[in-house]
1. Could you work out the mean projected area of the convex hull around the alpha carbons of region 3-91, in square nanometres to one decimal?
2. Find the eigenvalues of the gyration tensor of the Cα atoms of region 357-415, then list the square roots of 5 times those eigenvalues as equivalent ellipsoid semi-axes, largest first, in whole angstrom.
3. Report the far tail of the P(r) of region 299-415, meaning the percent of Cα-Cα pairs longer than 23 Å.
4. Label points 7 Å out from Cα along the Cβ direction at Arg112 and Arg184: separation in nm?
5. Where q = 0.10, 0.14 Å⁻¹, what log10 of I(q)/I(0) comes from the Debye formula for the chain, counting one point per Cα?
6. Return the single residue from Ala226, Ala114, Ala72 with maximal mean-square fluctuation; model: Gaussian network over the chain, springs between Cα atoms under 10 Å.
7. If you count, for each residue, the other Cβ atoms within 10 Å and average over each peptide, how do 206-215, 134-143 line up from highest to lowest?
8. Quickly rank 288-299, 183-194 as a protection proxy: mean count of other C-beta atoms within 10 Å, highest first.
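Readers should treat all values here as calculations from the given coordinates under stated rules, not as data from a laboratory. Every value quoted in this text rests on a predicted model; they were computed, and no experiment measured them. Glycine also receives a Cβ, built like all others from the backbone with ideal geometry; neighbour counts cover every protein chain displayed.
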Amino acid sequence: MNHLHRKDGRLFLEEVSLEELARLYGTPLYVYSLAALSEAYGRYEQALAGLPHLICYAVKANGSLAILQHFARLGAGFDIVSGGELARVLAAGGEAGKVVFSGVGKTAAEMRMALEAGIRCFNVESESELERLNRVAGELGRRAPVSFRVNPDVDPKTHPYISTGLRQNKFGVPISQAPALYRRAVEMANVEILGVDCHIGSQLTDLSPVADALDRVLALVDSLAADGIQLRHVDIGGGIGIRYRDETPPDMAQYREILQSRFSGRREEIIVEPGRSLVGEAGVLLTRVEYIKPGEDKTFVIVDAAMNDLMRPALYDAFHDIVPVAESSRPPIACDVVGPVCETGDFLGLGRHLAVEEGGLLAVLSAGAYGMSMSSNYNSRPRAAEVVVNKNEIHLVRERENMEGLMAGERLVSW
């Protein structure tokens, strides 16, 4: 992260001291750089320059209102997967007409909500969903704008839990079955066909699967056009990876070349759905060392952040770099960085070498994506606060949950 740097041995994000933020707001604490968000968005704008396009931020990566608000101000659309995400987008000032609704399990209530809001498009993922959407739209006296999410059976070469474009995955419809579904949709009174959608997976570091999937999708587009079904947009999904450890993120110049070579001269608008690559490297998770516990086989550095704050290490065995906020003259120790949750799987980093002391601060890097959005109250732990920094400005954008909030909405039984 270019905006994370040291002054006199202490970490700053943009012009703000992370030690000062921990003093003001406590830990665990998520902190995001506004400049990093803007720069990441700008890289996509540059890659798509000269082509008709819409960048739809994937809300699932981080749905904090202030982040949605910032992307809306930059002109972004939004890729959502629930009615709750739509409500967040609208509350943050996003335009419903720039929203695409993905996901395999849309309820009738969510469909009604999205139709009444006037979203841009539903990415339909099954024939049953198409039938339901046609019925719900008819009940409202509307026509539902649709794309079909097709599954091209392309291996994205990523973690199996975040692979979405293989035939064994639950997402989309097999690309071989798509023509029949488009012909079925043409016959429906309450459906308007707009485009096609394809998303093969997340944390992609090799662009060759993206190119392969795109070629298969464009072949489908041309085949449909020959049958008289002209699509207006091609949604190519997101999934571009970032650096967590030693990954080499895709070259955006190569990404631009793939798109330019395939879309120059075509009439379809390009929709992209980046999530992680817009917010991942813009965020850090601050945590304080509670105890250093030597063991017979290893030393445990026990911190106040846990798997409920950052699920990725436990869920995906994911790596996040962890660094001391203040440099120390102490010698590094071999350790596991673990949280207080009662699970052996509660760790933020295994096999690390860190110069740490009790009471010191650690920064978990590249934590802007799938950190806060996947957090929970497991072990009845309040969720972390969130802060956005803009140069030397500090904005608290989510207050830390309190104990009363943990029990809000619950009721005792009157026996």
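1. Average of the hull's projected areas for region 3-91 equals 7.5 nm².
2. 30, 15, 12
3. 39
4. For Arg112 paired with Arg184, the spin-label model returns 2.4 nm.
5. Evaluating at q = 0.10, 0.14 Å⁻¹ gives log10 I(q)/I(0) of -0.72, -1.24.
6. Ranking Ala226, Ala114, Ala72 by mean-square fluctuation puts Ala226 first.
7. 206-215, 134-143
8. Per-residue mean Cβ counts within 10 Å order the peptides as 183-194, 288-299.
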